[in-house]
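Novice: My questions will all concern the structure given below.
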Amino acid sequence: MAVLSVHTSPLEQPGTGDAGGMNVYVSQTATEMARRGVEVEVFTRATASDQPPVAELAPGVTVRHVQAGPFEPLARDELPAQLCAFTSGVLRTEAFHEPGHYDLIHSHYWLSGQVGWLARDRWSVPLVHTAHTLAKVKNAALAEGDKPEPRTRVIGEEQVVAEADKLVANTAVEARQLIELYDAEPHAVHAVPPGVDLERFTPGSQHEARAFLGLADDDIVLAFAGRIQPLKAPDVLLYAAAAMLHRRPELAPKLVVLIVGGPSGTGLEQPQALRELALSLGIEPQVRFLPPQPGEALARVFRAADVVAVPSYNESFGLVALEAQACGTPVVAAEVGGLPVAVPHGVSGLLVPGHGAEEWADALAAVALRPDRRAELAANAVVHARRFSWRRTTDALLDIYAQATSAFSRALDLRTEVAV
């Protein structure tokens, strides 16, 4: 099968640039499918001249770097101009094989959906599409100072929704948004929650994790992990930490705020903005910035934390929230998008309805400063996270693929009969 991921590669480190939860999703599901005997080829745009044309992600999973535009990262608003070149590269790759080499296309994000729509018609195979984020939803909940998604993207998403044979949403909320905001056919939409790597993200010693990071056992550790951009709202955590210290100045020697990630999106315009905010709030001594962390290192950060904050203005699901819980760490998250699915309120963490500093300070303190409550939430967090796995996600996707293939084949047969 062909997997299309135009703007970001599953080989990239999540947490910076455009790499994030979608990278993890593509990588994990492709690898799991390969374990089932499904050969997967992932097409992504080449961003450096030294990238090999073909690389192995895992046994049975090939990543093809398609030359489309300059050998450098491009902003998402620059990528539509390269879709023609990218599509040409995808179609040329297929042309070197016997007809039927790819039996299904799964596109991720609307840019890939545009390519998948054309390849579907050329190859006569079904197109399954996962949006991951939706422009109309993002524009309805913009962070202050963030830029709205352009009309070009809205139109592009509407076209892909109309053309795809199956649409995969991360939650029932997203499924409803596709139907209500994009006029998707209800029978074509399937809600399939993402998973978590339950072998990598596991409970472990907080003492060892803190010792590795140079933290004390009695520190009060609040953590954020993700791309540094207004959408992800790491500034909300800083404002909340400042509010906590204003209420209780005696916490200053022990409070630590870990910010893990790199600038992305509109955050690239002011890469030092978060550091400057910490300075202006008077909490610079409490804030530590770490670069994006690979798998096990990220799990160590989660284990070291008393609470992980996910204050995003929009999340189709929120993989970080699930990964943190799998490590036994409670999560305080914004009550938006798919986060109420990832974090059941009062069970494994808390949901905050807004983004105000005082309400976030209340929620963070209710977990971080109450050891008994934190221990209860932590135990529940591990149980909740174990309900999600990439194996289960892949099972559901393969079932959807089978449905799409069967329906597509019947439609082709019907058209052939009518033509005869």
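We did not get these values from a lab; they are worked out from the coordinates using the rules stated. This is a predicted model, so every value here is computed, not measured. Reconstructed Cβ throughout: ideal geometry from the backbone, glycine too, with neighbour counts over all protein chains shown.
Novice: Of Val382, Val221, Pro311, which is farthest towards the positive pole of the stretch 206-386's charge dipole, taken about the Cα centre with +1 and -1 on the beta-carbons of Lys, Arg and Asp, Glu respectively?
Specialist: Positive-most Cα among the choices belongs to Val382.
Novice: Could you tell me which of Pro294, Thr405, His97 has its Cα farthest along the dipole of the chain towards the positive end, charges placed at Cβ (Lys, Arg +1; Asp, Glu -1), taken about the Cα centre?
Specialist: The listed residue farthest towards the positive side: Pro294.
Novice: Among (1) 49, 22, 17; (2) 39, 21, 20; (3) 35, 23, 22, which is the computed semi-axes √(5λ) of the Cα gyration tensor in Å?
Specialist: (2)
Novice: Which whole-Hz ³J(HN,Hα) couplings does the stretch 275-287 yield from phi under the Karplus relation 6.51 cos²θ - 1.76 cosθ + 1.60, θ = phi - 60°, glycine and proline marked x?
Specialist: For the stretch 275-287, the Karplus-derived couplings read 5, 5, 5, 4, 5, 5, 7, x, 10, 3, x, 8, 9 Hz, x marking Gly and Pro.
Novice: Still on this structure, I have one more. Compute the distance in nm between two label points, each set 7 Å from the Cα along the Cα-to-Cβ direction, one at Glu72 and one at Glu335.
Specialist: Output for this residue pair reads 4.6 nm.
Novice: Taking amide hydrogens as modeled 1.01 Å from N in the peptide plane, which residues meet the under 5 Å criterion relative to Leu167, leaving out close sequence neighbours?
Specialist: His129, Val189, His190
Novice: So what's the angle, to the nearest 10 degrees on a 0 to 90 scale, between helix 172-182 and the longest Cα principal axis of the chain?
Specialist: 60
Novice: First measure r as the distance between the Cβ atoms of Ala297 and Leu414, then evaluate 1/(1 + (r/R0)^6) with R0 = 60 Å and state the FRET efficiency to the nearest 0.05.
Specialist: The pair Ala297/Leu414 has a calculated efficiency of 0.65.
Novice: Dipole size in debye (nearest 20) for the stretch 299-420 around its Cα centre, Lys and Arg Cβ +1, Asp and Glu Cβ -1?
Specialist: About 440 debye.
Novice: Please list, in chain and number order, the residues 5+ apart from Leu198 or on another chain whose amide H is under 5 Å from its amide H, with Hs placed from the backbone.
Specialist: Here Trp390 satisfy the definition.
Novice: A further question follows. From the backbone phi of the stretch 314-329, what are the Karplus-calculated ³J(HN,Hα) couplings (6.51 cos²θ - 1.76 cosθ + 1.60, θ = phi - 60°) in whole Hz, Gly and Pro given as x?
Specialist: 7, 9, 5, 8, x, 5, 4, 4, 6, 5, 4, 5, 4, 7, x, 10
Novice: Sticking with this structure for a sec: In whole Å, what three semi-axes, largest first, describe the equivalent ellipsoid of the stretch 171-280 built from its Cα gyration tensor (square root of 5 times each eigenvalue)?
Specialist: 35, 21, 14
Novice: Convert each backbone phi in the stretch 106-123 into a coupling constant with the Karplus relation 6.51 cos²θ - 1.76 cosθ + 1.60 (shift: θ = phi - 60°), then list the ³J(HN,Hα) values in order as whole Hz, x for Gly and Pro.
Specialist: With the stated coefficients, the stretch 106-123 comes to 10, 9, 10, 6, 5, 4, 5, x, 4, 5, x, 4, 5, 5, 4, 5, 6, 8 Hz.
Novice: Assign unit charges at the C-beta atoms only (+1 for Lys and Arg, -1 for Asp and Glu), then state the dipole size of the chain relative to its Cα centre in Debye, rounded to the nearest 20.
Specialist: The calculated dipole for the chain is roughly 380 debye.
Novice: Placing +1 at every Lys and Arg Cβ and -1 at every Asp and Glu Cβ, with all other atoms neutral, what dipole size does the stretch 206-386 have around its Cα centre, in debye to the nearest 20?
Specialist: It comes to approximately 200 debye.
Novice: Using DSSP to define loop residues, name the chymotrypsin sites (Phe, Trp or Tyr not before Pro) in the stretch 31-135 whose beta-carbon has at most 10 other beta-carbon atoms within 10 Å.
Specialist: Phe96
Novice: Mind checking the angle between helix 371-385 and the chain's longest principal axis? C-alpha axes, 0 to 90 degrees, to the nearest 10.
Specialist: That works out to roughly 10 degrees.
Novice: Between Leu258 and residues 5 or more places away or on another chain, which pairs have amide H atoms under 5 Å apart, with H built 1.01 Å from N, and which residues are they?
Specialist: Leu222, Ala223, Phe224, Arg288
Novice: Nearest 10 degrees is fine. How inclined is helix 357-368 to the longest principal axis of the chain, computing both from alpha carbons?
Specialist: 80
Novice: Counting DSSP beta bridges in the chain, what percent are antiparallel, to the nearest 5?
Specialist: 10
Novice: Under a crude label model (7 Å from the Cα following the beta-carbon direction), how far is Phe96 from Glu144 in nanometres?
Specialist: 5.3
Novice: Rounded to the nearest 500, what is the 222 nm mean residue ellipticity of the chain from helices alone, with -39500 (n - 2.57) per DSSP H run of 4+ residues and division by all residues?
Specialist: About -13500 deg cm²/dmol.
Novice: Suppose the chain between Arg386 and Ala81 were pulled fully straight at 0.36 nm per residue; how much longer would it get relative to their current alpha carbon spacing?
Specialist: 105.6 nm
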